[in-house]
């Protein structure tokens with residue numbers, strides 16, 4: 001065992017597959033590695049992930065570890081710092097400074113109110129039509145019946161239905177033109 005690095009013997013035993021040595025190393029080093037990762041990342045869960053990865057790397061490296069240039073504890077801290085830096089870098093790459101402005105697909109409130117008012121005006125204008133014109137408009141435009149089916153439902157010819165539709169549309173158009181002129 002090297003006098004310069006108190007972990008040399010423990011790391012050598014881990015490299016030989018000694019599970020007890022692995023538990024001893026983790027037990028001795030985990031609190032400090034977790035504390036470093038928590039301080040770096042500000043997140044306990046991420047710190048635990050980093051500590052776990054650092055010890056996995058230590059376990060994989062143990063059989064190849066050669067004491068010398070640096071102490072094992074220093075190397076383990078360096079690995080922890082690098083893992084934290086990688087996570088912080090990924091955060092910066094994925095975090096946007098501000099949420100982008102996303103247009104609300106719904107119409108503005110005033111447009112919705114206008115639509116409601118327009119709908120009421122259309123209902124009132126249709127209600128004011130003569131009965132047969134009103135029936136023809138409702139069957140074709142609101143019930144989506146074909147001209148033939150609407151004519152059958154009203155017991156009139158297709159030509160008569162088309163005449164009723166034409167007069168009803170003309171009357172509705174005149175009502176809204178007059179209304180728009182009154183609004184100006």
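Of the residues 125, 117, 121, the single one that is assigned by TED's automatic domain parsing to the domain that holds residue 175, under 44 Å from the mean Cα position of the chain (by Cα), touching a residue at least 40 places away in the same chain (Cβ under 8 Å) and assigned to a helix (DSSP H, G or I) is 121. Kindly indicate whether any position in segment 18-40 is outside any helix (DSSP H, G or I) and either over 30 Å from the mean Cα position of the chain (by Cα) or closer than 17 Å to residue 75 by Cα (or both). The answer is yes; a qualifying residue exists. For segment 34-81, filtering for residues that are touching a residue at least 12 places away in the same chain (Cβ under 8 Å), more than 20 Å from residue 22 (Cα to Cα) and surrounded by fewer than 17 Cβ atoms within 10 Å (Cβ to Cβ) leaves 1. Could you list all residues from segment 145-184 that are modelled with pLDDT of 90 or more, over 51 Å from the mean Cα position of the chain (by Cα) and assigned to a helix (DSSP H, G or I)? Matches in segment 145-184: 158, 159, 160, 161, 163, 164, 167.
Do we find a residue being outside the structural domain of residue 15 (by TED's automatic domain parsing) and under 44 Å from the mean Cα position of the chain (by Cα) anywhere in segment 78-88? Don't jump to the end; show me each part of the working.
We begin by selecting, within segment 78-88, every residue outside the structural domain of residue 15 (by TED's automatic domain parsing); these are none.
The answer is no; no qualifying residue exists.
Among the residues of segment 14-29, at least one is within 20 Å of residue 85 (Cβ to Cβ) and buried (at least 16 other Cβ atoms within 10 Å of the Cβ). Selection of first residues in segment 132-144 that are within 14 Å of residue 156 (Cβ to Cβ) and of second residues that are at pLDDT below 90 and in a loop (DSSP other than H, G, I, E, B), restricted to Cβ pairs under 7 Å at least 6 apart or on distinct chains, gives the following pairs, ordered by first then second residue: 139/145.
Does residue 114 satisfy the criteria of being farther than 24 Å from residue 165 by Cα and surrounded by 12 or more Cβ atoms within 10 Å (Cβ to Cβ)? So residue 114 passes the test.
The values are calculated or read from the model by the stated rules, or taken from the named source; none is laboratory data. None of the values given here were measured: they were computed from a predicted structure. When we count neighbours, we look across all protein chains shown, and the Cβ atoms used for this are built from the backbone with ideal geometry, even at glycine.
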